[in-house]
Amino acid sequence: MNKHFAVILSGCGVFDGAEINETVLTLLALEQNDCTYQAFAPNIRQHHVVDHLTGNEQADRRNVLTESARIVRGDIKALADIKVNDFDGLLLPGGFGAAKNLCDFAFKGSEFTVQHDVATAVNQMKEANKPVGFICIAPVMIAKLYPQGTKLTIGTDKETAAVLEQ
């Protein structure tokens, strides 16, 4: 029987949303392993918009759900509507949107909080003993969502690792 995954996106674009390569390769890997998926995103205002050509912040206002829909050709649902019993696991690709829109780690460091719908979905998956995978910067949320003593990887950024160890 094929496994069915929920995938939580954080917008569209490495600097202010989900990293597109990570997201597409995650979805491709699921398909290549005979898994299916449904994309979700919080229906909230994106923290800010970054021009990916210049790296400059823009005055635009965008919605995380609407921006995430770009990556999955509109086949996406509001995260508030997730029913974890319909899924075998949950994946959260990285991109700075994970640290800006799914939580506020990028702005508050060790004092960060996880966005309500994200925390609810992850906690429901934990209660159901279903796996949750965090990719790239998304593992920062493990520090708030899982009990003390849980191990995570964050790459080679020593400053980020030091904040998480707190």
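The values are calculated or read from the model by the stated rules, or taken from the named source; none is laboratory data. Everything quoted here is computed from the prediction, not taken from an experiment. Cβ placement follows ideal geometry from the backbone for every residue including glycine, while neighbour counts extend to all protein chains displayed. Side chains included, ligands, DNA and RNA excluded: accessible areas come from the protein's heavy atoms. Shrake-Rupley method; radii C 1.70, N 1.55, O 1.52, S 1.80 Å.
Structure above, values below:
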item: Residue among N21, N2 that is of a type outside the set (D, E, K, R) and in a loop (DSSP other than H, G, I, E, B); result: N2
item: G109 being closer than 18 Å to G133 by Cα and outside any loop (DSSP other than H, G, I, E, B); result: no
item: Test for K126: is it at pLDDT 90 or above, open to solvent by 80 Å² or more (accessible area, probe 1.4 Å), within 24 Å of K83 (Cα to Cα) and assigned to a helix (DSSP H, G or I); result: no
item: Filtered residues of region 63-75 (kept if touching a residue at least 24 places away in the same chain (Cβ under 8 Å) and open to solvent by 70 Å² or more (accessible area, probe 1.4 Å)); result: R70, D75
item: Sole exception among (1) modelled with pLDDT of 90 or more; (2) in contact with a Pro (Cβ under 6 Å, 6 or more places away or on another chain) for G133, by number; result: (2)
item: Total residues in region 76-99, condition within 25 Å of F15 (Cβ to Cβ), open to solvent by 40 Å² or more (accessible area, probe 1.4 Å) and either part of a loop (DSSP other than H, G, I, E, B) or at pLDDT 95 or above (or both); result: 1
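Residue-by-condition table, conditions (1) surrounded by 16 or more Cβ atoms within 10 Å (Cβ to Cβ); (2) assigned to a loop (DSSP other than H, G, I, E, B); (3) at pLDDT below 95; (4) touching a Phe, Trp or Tyr at 6+ places or on another chain (Cβ under 7 Å):
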position: L53; (1), (2), (3), (4): no, yes, yes, no
position: R61; (1), (2), (3), (4): no, yes, yes, no
position: D117; (1), (2), (3), (4): yes, no, no, no
position: T120; (1), (2), (3), (4): no, no, no, no
position: T150; (1), (2), (3), (4): no, yes, yes, no
